[in-house]
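Structure first, commentary second.
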Amino acid sequence: MDVSVRTTSYGAEKRGWLQGDHGTGPGDTPSITLDISTFTAGTHYPNGYIPSGTVVCKITASGLFGPYDSGAADGRQTPAAGAVFLLFNSVPVASGQTRDLNAGFMHGFVESARLPFQSGSGSAAVAVKTAMPLVAWL
């Protein structure tokens, strides 16, 4: 039996981008699988967690999800209805290249200026918002 002292750190979930609880009930957030290799440590998870509110899009070849990137050439550059979500929960980045989670936020009320990573500006932001017609962007 191991009785050694252990320390565990916890962080509070930051969902300041979410305006209300619409779309957060049981069964409202579909399961998606992230391709962790498409995220950048210093940009997307400097503290070891990909924050909630991160815009993720489906990678065409694999069906996995990575961060929205207007400069990508793998599907993440073209958000399409049903293939773009906001992460509802922060995701700890552990060893491995994929991460399954039940955390794809797809409808509700969102204050876009409070998302952790902006969806770009101009036509890039419009593309994400257009691909998420069930989100009321405030």
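Quick check on region 32-42. Is at least one of its residues more than 12 Å from the chain's Cα centre (by Cα) and among the acidic types (Asp, Glu)? For region 32-42, residues more than 12 Å from the chain's Cα centre (by Cα) and among the acidic types (Asp, Glu): absent. Criterion applied to Gly75, Gly108 was being touching a Ser or Thr at 6+ places or on another chain (Cβ under 8 Å) and closer than 14 Å to Leu18 by Cα, and the one residue passing it is Gly108.
The combined condition, being over 14 Å from the mean Cα position of the chain (by Cα), within 21 Å of Lys14 (Cβ to Cβ) and open to solvent by less than 60 Å² (accessible area, probe 1.4 Å), is not fulfilled by Ala127. Highlighted here are the strands (runs of 3 or more DSSP E) found entirely within region 24-116 that include at least 2 residues which are in contact with a strand residue (DSSP E or B) (Cβ under 6 Å, 6 or more places away or on another chain) and at pLDDT below 85: 98-102.
The values are calculated or read from the model by the stated rules, or taken from the named source; none is laboratory data. From a predicted model like this one, the values you see are computed outputs, not experimental measurements. When we count neighbours, we look across all protein chains shown, and the Cβ atoms used for this are built from the backbone with ideal geometry, even at glycine. Ligands, DNA and RNA are excluded from the accessible area calculation, which covers all protein heavy atoms including side chains. Shrake-Rupley method; radii C 1.70, N 1.55, O 1.52, S 1.80 Å.
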